[in-house]
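Beneath this line is the structure, given in structure tokens, with notes to follow.
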Amino acid sequence: MLSVGLTGGIGAGKSEVSRLLVECGAVLIDADRIAREVVAPGTAGLAAVVEAFGEGILGSDGGLDRPALGSLVFADPDKLAVLNAIVHPLVGARSRELESAAPEDAVVVHDVPLLTENGLAPRYDLVIVVDASPATQLDRLVRLRGMTEQDARARMAAQATREQRLEIADIVIDNDVPLERLRQRVQEVWADLSGRSRRSRGRSPGIAPGTPADGPQE
């Protein structure tokens, strides 16, 4: 098994790269998706978040109002730390369950938005960074996700810098390119990953407890 960490700044297009890797045959463990699952209505995770931040972070349907929570925690590092302390252990436990269920010869891609920020690179056989310029990130967040420019800049500022992400990269995927060129690059990377997986068959490093996700950020 080959354990791969995949990361990139918000708006860099990491989700599209994840999708393309799955098309190629990767087993995807999406930390942000799991972060949503562990605070779904009726979960202990949601109850803990409400206890910490109050019922004002709930929507009319009783589920988590992620924009409201995001606006609250990304403006206050202490509150963000509280949220992370609730969500990260739950995400880590579920991620370990999913990896243990993957085939022995799988390429397991862990999509972890805050991999750089939380010093997680050593936990994987290699790290892929999806890279885009800050201008591209900002444009995508405002134009495609409907964020205000102020909110988008705040989300970007809460993450590692572009330079910090590139420092931990074993493989860089440039996503300041058209989709077809991105697809070609992902296919090239997949051929590399598949070869590494064959060479490392039988080794399964797993992931350590409490692998962080970014909660409401992505």
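The values are calculated or read from the model by the stated rules, or taken from the named source; none is laboratory data. The structure displayed is predicted, hence computed values, not measured ones. Because the Cβ atoms are built from the backbone with ideal geometry, glycine has one as well, and the counts that use them run over all protein chains shown. Ligands, DNA and RNA are excluded from the accessible area calculation, which covers all protein heavy atoms including side chains. Shrake-Rupley method; radii C 1.70, N 1.55, O 1.52, S 1.80 Å.
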If you count the DSSP beta bridges with both ends in the chain, what percent of them are antiparallel, to the nearest 5? 5 percent
Taking the Cα centre of the chain as origin, work out the dipole magnitude from +1 charges on Lys and Arg Cβ and -1 charges on Asp and Glu Cβ, in debye rounded to 20. 420 debye
P(r) for the chain, please, calculated from all Cα pair distances in 10 Å bins and given in %. 8, 34, 36, 19, 4, 0
Dipole of the chain, positive end: most advanced residue of Gly119, Asn84, Ala101 [Cβ charges, Cα centre]: Ala101
For region 50-66, what does the Karplus curve 6.51 cos²θ - 1.76 cosθ + 1.60, with θ = phi - 60°, yield as ³J(HN,Hα) per residue in whole Hz, taken in order and with x for Gly and Pro? 5, 4, 7, 10, x, 6, x, 9, 9, x, 5, 8, x, x, 5, 8, 5
Values of log10 I(q)/I(0), in the order q = 0.20, 0.24, 0.29, 0.31 Å⁻¹, for region 43-98 under a Debye, Cα-only, solvent-free model: -0.74, -0.98, -1.21, -1.27
Using the Cβ atoms and a cut-off under 13 Å, what net charge is assigned to the surroundings of Ala52, where Lys and Arg are +1 and Asp and Glu are -1? -3
Counting Lys and Arg as +1 and Asp and Glu as -1, each charge on the Cβ, what is the dipole of region 70-143 about the Cα centre in debye, to the nearest 20? 280 debye
Label-point gap, in nm, between Asp78 and Asp139 - each point 7 angstrom along Cα→Cβ: 4.0 nm
Integer Hz, Karplus 6.51/-1.76/1.60 couplings in order for region 182-192, x for Gly and Pro: 4, 4, 4, 5, 5, 5, 4, 5, 4, 4, 5
Tell me what the chain gives for mean residue ellipticity at 222 nm when only DSSP H runs of n ≥ 4 count, each as -39,500 (n - 2.57), the sum divided by the residue total, rounded to 500 deg cm²/dmol. -15000 deg cm²/dmol
Computed Rg/Rh for region 137-183 (Cα atoms; Rh = Kirkwood radius) stands at 1.04
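Over the chain, what is the relative contact order in whole percent, taking alpha-carbon pairs under 8 Å and six or more residues apart?
Taking the mean separation of contacting Cα pairs over the length of the chain, I get 42 percent.
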So what J values fall out for region 122-127 if you push phi through Karplus, 6.51 cos²θ - 1.76 cosθ + 1.60 with θ = phi - 60°, rounded to Hz, Gly and Pro as x? x, 7, 10, 5, 7, 10
With all distinct Cα pairs included, what does the Kirkwood hydrodynamic radius of region 1-63 come out to in Å, to one decimal, could you say? 14.1 Å
The answer for region 53-189, accessible area per residue at 1.4 Å probe in Å², is 50 Å²
Enumerate the whole-percent occupancy of each 5 Å bin, from 0 to the last occupied one, for all C-alpha pair distances of region 89-160. 3, 12, 18, 19, 15, 14, 12, 5, 1, 0
